[in-house]
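These notes concern the structure reproduced below.
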Amino acid sequence: MPRFVRPPPRIAPLSARGRWGVALGLVAGSLLLVLQVLLADRARLAADARTRPFMERACALLGCTLPPWREPRAFTVLSREIQPHPSHPQALLVTASFRNDARWPQPWPLLELALTDLDGSRIGLRRFRPEEYLGGAPAREGLAPGQSATIALEILDPGNRAVAFEFDFH
């Protein structure tokens with residue numbers, strides 16, 4: 001009789017000890033798979049406010065690192081002012097202060113300054129790195145929740161066309 005027609009050989013049932021070993025192996029394998037998924041996808045999970053606390057605890061136990069929290073919309077401008085530069089007639093002095101209203105510390109943002117004309121059209125736009133708006137390398141790595149910073153920028157005077165300005169964070 002050909003082999004493919006023959007009934008399969010009987011397999012002896014597992015003993016109780018063998019069943020526990022298989023069950024324990026399945027549980028351990030499942031836990032390792034979940035752990036591997038968490039580690040591989042930790043950047044995306046850490047970017048979600050609902051899962052970040054869990055990921056912080058998990059990485060504290062496992063010794064992994066999370067990317068810094070980035071929520072540019074959580075930076076709030078507290079004060080801002082543009083005035084003629086005191087020592088350069090063709091320049092403006094821009095001062096402002098902003099605060100980190102996020103739940104976690106954030107790295108220093110890119111600061112965008114836009115100048116607009118009477119019609120609301122942008123006539124000038126520039127993004128400043130932290131070294132530029134802080135006047136040198138930052139003294140600390142970022143801003144803690146609720147912490148504020150004061151900045152000063154020197155920019156060329158675009159003339160009478162610029163009537164308004166706005167800040168944005170990236």
Report task. For the chain, set up a Gaussian network in which alpha carbons nearer than 10 Å are linked by springs, and say which option among 32, 115, 24 fluctuates the most. Result -> 24
Query - FRET efficiency, 1/(1 + (r/R0)^6) with R0 22 Å, evaluated for residue 127 and residue 163 via beta carbons - result: 0.55
Report task. Could you look at the chain and say what percent of its accessible area is carbon and sulfur, using a 1.4 Å probe and all protein chains? Result -> 59 percent
Requested in this report: Please pull out the direction-averaged projected area of segment 115-163, using the convex hull of its alpha-carbon atoms, in nm² to one decimal place.
Outcome: 4.7 nm²
Report task. Stick to Cα atoms and the Kirkwood definition of Rh, then tell me Rg/Rh for segment 26-170. Result -> 1.16
Query raised in the report: Placing +1 at every Lys and Arg Cβ and -1 at every Asp and Glu Cβ, with all other atoms neutral, what dipole size does the chain have around its Cα centre, in debye to the nearest 20?
Result: 1840 debye
Query - Spatial separation of Cα centroids for segment 125-140 and segment 5-69, in angstrom - result: 43 Å
**Report entry** Dipole of segment 1-125, positive end: most advanced residue of 53, 121, 69 [Cβ charges, Cα centre]
**Finding:** 53
Requested in this report: Multiply the residue gap between residue 6 and residue 32 by 0.36 nm, knock off their C-alpha separation, and tell me the result in nm, one decimal place.
Outcome: 5.4 nm
Report summary line: Of the residues 108, 167, 89, the Cα lying farthest along the dipole of segment 36-170 towards its positive end, which is defined by charges on the beta carbon of Lys, Arg, Asp and Glu, belongs to 108
**Report entry** Debye, to nearest 20: dipole size of segment 104-161, +1 on Lys, Arg Cβ, -1 on Asp, Glu Cβ
**Finding:** 120 debye
Report task. Kindly report the accessible area of segment 33-153 per residue (heavy atoms of protein chains, probe 1.4 Å, no ligands, DNA or RNA), in Å². Result -> 61 Å²
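The values are calculated or read from the model by the stated rules, or taken from the named source; none is laboratory data. This is a predicted model, so every value here is computed, not measured. Glycine also receives a Cβ, built like all others from the backbone with ideal geometry; neighbour counts cover every protein chain displayed. Quick note on the areas: whole protein, heavy atoms, side chains included, nothing else; ligands and nucleic acids left out. Shrake-Rupley method; radii C 1.70, N 1.55, O 1.52, S 1.80 Å.
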